[in-house]
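Remarks on the structure that follows.
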């Protein structure tokens with residue numbers, strides 16, 4: 001027969017368990033309510049929009065977007081299709097207790113910008129879409145501010161940081177190199193491009209051009225001199241082969257800024273830029289040559305070397 005003390009203890013345990021369950025359920029409900037104020041794509045708060053505009057991630061497109069898609073002869077009629085195409089996000093497997101069910105007006109404008117070919121620039125508040133996690137004791141959603149969910153700051157890698165340098169007035173200014181992820185991504189993209197034996201290094205430029213100018217005529221993936229250059233809708237320049245390889249492996253985004261980018265969007269740079277590019281002065285790297293040749297005639301110059309070698313053989 002259980003003692004009176006054991007009976008009281010069991011009642012206390014049951015009461016604590018019931019209170020814990022109620023608290024957990026209440027926290028989950030609060031978490032879900034907080035999610036309804038945030039954008040599924042960028043994590044921004046709808047409260048920051050004076051008009052509180054939002055769109056259901058699982059619903060049909062709004063009238064303006066539907067009219068635009070019909071004009072462009074696109075078949076998509078629901079937001080899940082467009083979100084998958086533009087942001088590479090599959091919302092069909094979303095769970096209401098983890099994922100917001102709406103997205104903001106700014107992300108909707110990014111979608112429209114993708115299909116309208118409008119020259120106006122649309123700001124996307126983060127480089128990557130939000131990754132949502134279940135509620136926890138350290139939940140970002142429930143501890144979020146008016147402006148929406150913020151990214152966690154990553155600790156700086158001391159090996160990738162610059163030492164403080166003295167500036168005018170004796171003040172010390174600390175500046176840091178790009179974070180580890182960006183550095184790793186750059187190395188990964190170069191590995192994907194794998195064009196070291198195909199494209200020309202900027203080291204063979206015969207003229208000591210300004211650093212910014214050299215960057216402007218270099219591919220933002222491989223950092224070689226642009227070969228068969230293409231321009232994205234976000235105005236970045238790449239070697240065609242390098243960009244297409246990156247899109248195939250990493251997804252339909254610009255490697256420089258992560259703006260949605262598709263092979264059908266690529267155009268040739270303006271003629272004035274191509275003229276400048278083709279007139280870059282290179283120094284032939286072939287031994288005992290060192291002749292200066294413009295980029296536009298470089299292939300012909302190398303073929304002459306090959307002909308001479310073939311005759312000697």
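What follows draws every value from the coordinates through simple rules; no lab data is involved. Fair warning: this is a prediction, and the values are worked out from it, not measured in the lab. Glycine also receives a Cβ, built like all others from the backbone with ideal geometry; neighbour counts cover every protein chain displayed.
The table that follows gives values for the structure above.
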{"item": "Euclidean distance of C-alpha centroids, region 50-88 and region 247-286, integer Å", "result": "30"}
{"item": "Mean separation of Cα contacts under 8 Å, 6 or more apart, over the residue count of region 180-312: relative contact order %", "result": "20"}
{"item": "With eigenvalues of the C-alpha gyration tensor scaled by 5 and rooted, region 28-100, Å", "result": "25, 15, 9"}
{"item": "Sequence of 95, 225 once ranked by neighbouring C-beta atoms within 10 Å, starting from the fewest", "result": "95, 225"}
{"item": "Cβ crowding within 10 Å averaged over residues, with 194-201, 97-104 ranked highest first", "result": "97-104, 194-201"}
{"item": "Rg ratio (alpha-carbon, reference 2.2 N^0.38 Å) - region 180-312", "result": "1.14"}
